[in-house]
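Below: one structure, written as structure tokens.
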Amino acid sequence: MNIFKKLFKSYKSGMLRRILSSFSGTLGLVLIALIIIIAIFAPQLAPHNPTKIDVTNRLAGPTAKHPFGTDHLGRDLLSRLIFGSRIALLVSLPAIGLGVIVGIMLGTIAGYSGGTLDNVLLFIFDTVRAFPPLLLAITIITLTGGANLLVLIIVLGITRFPGYGRLVRAQSAQVSKREFVMASEAAGSTTARTLFKHIFPNSIGPVFINAAMDIPVIITFAAALSFLGLGVPPPIPGWGRILRSGYSYIRTSPWMVTFSAIFLVMATLGFTFLGEALRDALDPKLKKSPQLQ
């Protein structure tokens, strides 16, 4: 409850106003709101069934009936991109949530406990981070026999949790040495109470900044996996799969690549701009500093 009180207090103190005071923050919120609206109201906004095949109308250019043209199977490209926004959000947001939850839990324990447990958890963090994220995701998906929505979320969450874990560990180690934590322990507070009442709420602030900055990374990873044929299975429309299909016909039908790239850029830029504005709003000292790693 203390976390929600702090978030509400920060909202009342003008965090949203500070985000909207910058052009990038306003643009980021607008782009994200647009993507979310498109995802929520996809059935109402899509002019056609995104999986309906019409081979007699394959690779048709933009027309009044098909504003973005059709793909190699005659499916309406605009409808597929609209429904693809749902896949982008359904993969990226839960994956980030999973990475944040696991990272916060393990990082808090590592930073507070120290000793052998801290070393073991650090070894796990460093081992996972030693692998390039995309290569790690490809390896896990291949070993599990293929991707579906749940597998993608878990795999992408695994690639992100070590970063959050290391960040929270560093914060927890600092907080655990403060006077109010020592006073709580001296008063007989249990380990669980100390963790959840003192260490946890005072260590997770930077995590939200990094999470906002990581969402476009996850969206790009998911699109890259779909481009490689390891994303959500067909006929589910994913932006990466649409890009992959369009790449084969880029000389004769460039609209498949062009319009899918526009949607992907909108989403990644929106979350990137919002993450930067959120960083500046939560900690103005970081405004001219490099992005947290």
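See the values below:
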quantity	calculated
Subset of the range 239-267 [of a type in the set (Val, Ile, Thr), free of Cβ contacts under 8 Å to residues at least 40 places away in the same chain and within 15 Å of Ile219 (Cα to Cα)]	Ile262, Val265
Unique residue being part of a helix (DSSP H, G or I), within 30 Å of Ser226 (Cβ to Cβ) and either touching a helix residue (DSSP H, G or I) at 6+ places or on another chain (Cβ under 7 Å) or modelled with pLDDT of 90 or more (or both) when the list is Leu73, Leu31	Leu31
Matching option when the condition is within 23 Å of the chain's Cα centre (by Cα), at pLDDT 85 or above and surrounded by 18 or more Cβ atoms within 10 Å (Cβ to Cβ), among Phe273, Phe227	Phe273
Residue within the range 59-70 that is buried (at least 17 other Cβ atoms within 10 Å of the Cβ), in contact (Cβ under 8 Å) with a residue 24 or more places away in the chain and of a type in the set (Ser, Thr, Tyr) present	no
Tally of residues being surrounded by 13 or more Cβ atoms within 10 Å (Cβ to Cβ) and assigned to a helix (DSSP H, G or I) across the range 121-138	11
Residues of the range 34-57 that turn out to be in contact with a Leu (Cβ under 6 Å, 6 or more places away or on another chain) and not in a helix (DSSP H, G or I), as a count	1
Close pairs (7 angstrom Cβ cut-off, 6 or more residues apart or separate chains): among the hydroxyl-bearing types (Ser, Thr, Tyr) in the range 84-109, not in a helix (DSSP H, G or I) anywhere	Thr108/Phe200; Thr108/Ser203
Which numbered condition Phe131 fails, given (1) at pLDDT 90 or above; (2) out of contact with any Ser or Thr (no Cβ under 7 Å at 6 or more places or on another chain)	(1)
Residues (under 20 Å from the mean Cα position of the chain (by Cα) and in contact (Cβ under 8 Å) with a residue 12 or more places away in the chain) located in the range 132-150	Pro133, Leu134, Leu136, Ala137, Ile138, Ile140, Ile141, Ala147, Asn148, Leu149
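The values are calculated or read from the model by the stated rules, or taken from the named source; none is laboratory data. Predicted model, so just to flag it, every value in this text is computed and none were measured. Cβ sites come from the backbone with ideal geometry, for glycine too, and all protein chains shown count toward neighbours.
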